[in-house]
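Trainee: Let me give you the structure first, and then I'll get to my questions.
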Amino acid sequence: MGSQLALKSRIASTSSLEKIFNAQEMIASSHIAKARDVALNAKPYSDAISDAVQALVQHTHIDHPIVKKSENGTRVAVLALTSDRGMAGPYTSSIIRETESLLARLDEQGKQTELYVYGRRGVSYYKYRNRDIAGTWEGNTDKPGVEVAEAISKALVDAYMKSDEDGGVSELYIVFTEFINMVVQKVRVLRMLPVEVIADQPTKINTDQNAEASPLYAFEPSVDEVLDAILPKYIQSRIHECLLTAAASETASRQNAMHTATENARSLIDDLTRKLNASRQASITQELTEIIGSADALNKKEE
Amino acid sequence: MSEKATMQVNIVSAAHPVWSGEALQVTIPASGGQMGILPNHEPVLTLIKQGKLAVVEKDGTRHVIEVADGFISFDSNKLTVAVEDAGTLKRAEENAE
């Protein structure tokens, strides 16, 4: 009897867990639509900036520190994009693993690393291990707004623009999760700074007139000022793009994890219910045999 | 083809697209002062400061929008306005014509 009660309470607790997992899964899948909207809304702006940078590359000779900086600097910045909340399967842990291996690789090359972390989980991981973190940001990892991207890119560009003697960094890597589809998300390391701008090959229409047409592009107030204004914006929009893909991956990863958890809870409940039925049947059979056995014994005595 | 020439205008802010369509004329608060852009302008890339951006649509309606900190680029009769921050599009009282 005792085991039946125990089974019943286990079934009850598992089924309430299952409800929680199921709800989490549904919340995550509703967030995916939102994340997609945010990403689509931000796309025209980043496209516009990429186009402008593309135009600058084609029509001028860019000689800006953001594009070129001595690569023999000793300090390197690494930005890891983790999540604020758990329950997202291996999302944060794979980012941390990749970050650690990147840091180790850079150490081997004799570079000094500066770590920047976005997301509460990553921050608490490194705080607990007493690692020096150059900068942290928390909040809204599943729907990063422009403000976060602005804050992050400002801090990183500032660190980058400082000279080597003042503790400036010469390279910036971003570790983030790329959203491939709902089931597959891949951790990627991206070298954000210095920017590698690849000029489109002047194909098709432009080939004939391009030689004369290109100098006609006017930059106001001046090329340098335009570069100074646009390149940081370009970095910001690239970082925002990374944040948005990471957010979509986080949500998808959370949905997958919760889906698996729901299924596990259901199969556990099935299993437990079967055990409960078996034990109930066993106890009924035992009671019956006891009654029949004792009745038989009484009848025999009377004869 | 007595219709006036128009250009393709696309206004986007960092968070979301603001407006896009055909326009007869656009006035932008460029860094060096107000700057009017008509269709088939020469290719240009200009920074803009805080101010009001005015768009005259094909039917003569005039829209005004607050913008801050961004740039415009004009190339092959396509005007792209990219700003950090944009208010909502308002219809100006007076008509262009």
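Trainee: Hand me the list of helices (runs of 4 or more DSSP H) wholly inside region A:116-219 holding 1 or more residues that are at pLDDT 80 or above and within 14 Å of chain B (Cβ to nearest Cβ).
Mentor: It comes to A:146-161.
Trainee: Pull out all pairs, ordered by first then second residue, where Cβ-Cβ is under 9 Å, the residues are six or more apart or on different chains, the first lies in region B:23-47 and is within 11 Å of B:Val81 (Cα to Cα), and the second is hydroxyl-bearing (Ser, Thr, Tyr) and not in a strand (DSSP E or B).
Mentor: Every condition considered, the pairs that remain are B:Leu45/A:Tyr217; B:Thr46/B:Ser31; B:Leu47/B:Ser31.
Trainee: Then there's this: Restrict the check to region A:87-110 and report whether at least one residue is in contact (Cβ under 8 Å) with a residue 12 or more places away in the chain and closer than 17 Å to A:Lys162 by Cβ.
Mentor: So far as region A:87-110 goes, no, none of its residues is in contact (Cβ under 8 Å) with a residue 12 or more places away in the chain and closer than 17 Å to A:Lys162 by Cβ.
Trainee: Between a residue in region A:151-167 that is free of Cβ contacts under 8 Å to residues at least 24 places away in the same chain and any residue that is of a type in the set (Phe, Trp, Tyr), which pairs come within a Cβ distance under 8 Å, given they are 6 or more apart or on different chains?
Mentor: A:Ala151/A:Trp137
Trainee: Pick from B:Gln34, B:Gln50: which is farther than 16 Å from A:Tyr45 by Cα and more than 13 Å from every other protein chain (Cβ to nearest Cβ)?
Mentor: Details: B:Gln34 fails: more than 13 Å from every other protein chain (Cβ to nearest Cβ).
Going through B:Gln34, B:Gln50 in turn, the sole match is B:Gln50.
Trainee: Right, here's the next one. For region B:1-14, enumerate the residues that are facing chain A (nearest Cβ under 10 Å) and either surrounded by fewer than 19 Cβ atoms within 10 Å (Cβ to Cβ) or not hydrophobic (A, V, I, L, M, F, W, C) (or both).
Mentor: B:Asn10, B:Ser13
Trainee: In addition: Taking the criterion of being over 14 Å from A:Ile230 (Cα atoms), part of a helix (DSSP H, G or I), without any contact (Cβ under 8 Å) to a residue 40 or more places away in the chain and touching a strand residue (DSSP E or B) at 6+ places or on another chain (Cβ under 6 Å), would at least one residue in region A:42-59 satisfy it?
Mentor: yes
Trainee: Then there's this: Mind listing whichever residues of region B:15-30 are within 9 Å of another protein chain (Cβ to nearest Cβ) and in contact with a Ser or Thr (Cβ under 7 Å, 6 or more places away or on another chain)?
Mentor: B:Ala30
Trainee: Being within 12 Å of the chain's Cα centre (by Cα) and over 25 Å from A:Val146 (Cβ atoms) is the filter here, so list the residues in region B:42-77 that pass it.
Mentor: B:Val56, B:Glu57, B:Arg62
Trainee: Is it the case that A:Val67 is among the hydrophobic types (A, V, I, L, M, F, W, C), open to solvent by 10 Å² or more (accessible area, probe 1.4 Å), assigned to a loop (DSSP other than H, G, I, E, B) and on the phi < 0 side of the Ramachandran plot?
Mentor: yes
Trainee: Could you give every pair whose Cβ atoms fall below 7 Å, whose first residue belongs to region B:77-97 and is more than 14 Å from B:Val26 (Cα to Cα) and within 14 Å of another protein chain (Cβ to nearest Cβ), and whose second residue is at pLDDT 75 or above and open to solvent by 30 Å² or more (accessible area, probe 1.4 Å), counting only separations of at least 6 or pairs across chains?
Mentor: Filtered contacts from region B:77-97: B:Val83/B:Asp69; B:Glu84/B:Asp69; B:Asp85/B:Asp69; B:Ala86/B:Val18; B:Ala86/B:Glu66.
Trainee: Quick test of your reading of the structure: A:Val76 fulfils all but one of (1) within 14 Å of chain B (Cβ to nearest Cβ); (2) touching a Ser or Thr at 6+ places or on another chain (Cβ under 6 Å); (3) of a type in the set (Val, Ile, Thr). Name the failing condition by number.
Mentor: The number of the failed condition is (1).
Trainee: So, in region A:125-142, exactly how many residues are exposed (fewer than 15 other Cβ atoms within 10 Å of the Cβ) and under 18 Å from the mean Cα position of the chain (by Cα)?
Mentor: Number satisfying all stated conditions: 1.
Trainee: May I pose another question? Looking at this structure, is A:Ile49 hydrophobic (A, V, I, L, M, F, W, C), surrounded by 20 or more Cβ atoms within 10 Å (Cβ to Cβ) and within 16 Å of B:Phe71 (Cβ to Cβ)?
Mentor: Yes.
Trainee: Here is a further query. Got at least one residue in region A:27-35 being within 14 Å of chain B (Cβ to nearest Cβ) and surrounded by fewer than 19 Cβ atoms within 10 Å (Cβ to Cβ)?
Mentor: yes
Trainee: Please enumerate the residues belonging to region B:35-60 that are touching a Lys or Arg at 6+ places or on another chain (Cβ under 9 Å) and within 19 Å of A:Glu220 (Cα to Cα).
Mentor: B:Pro39
The values are calculated or read from the model by the stated rules, or taken from the named source; none is laboratory data. Quick caveat: nothing in here was measured; it's all calculated off a predicted structure. Neighbour counts are summed over all protein chains in view; Cβ atoms, including those assigned to glycine, are modelled from backbone coordinates with ideal geometry. For accessibility, only protein heavy atoms count, side chains too; no ligands or nucleic acids. Shrake-Rupley method; radii C 1.70, N 1.55, O 1.52, S 1.80 Å.
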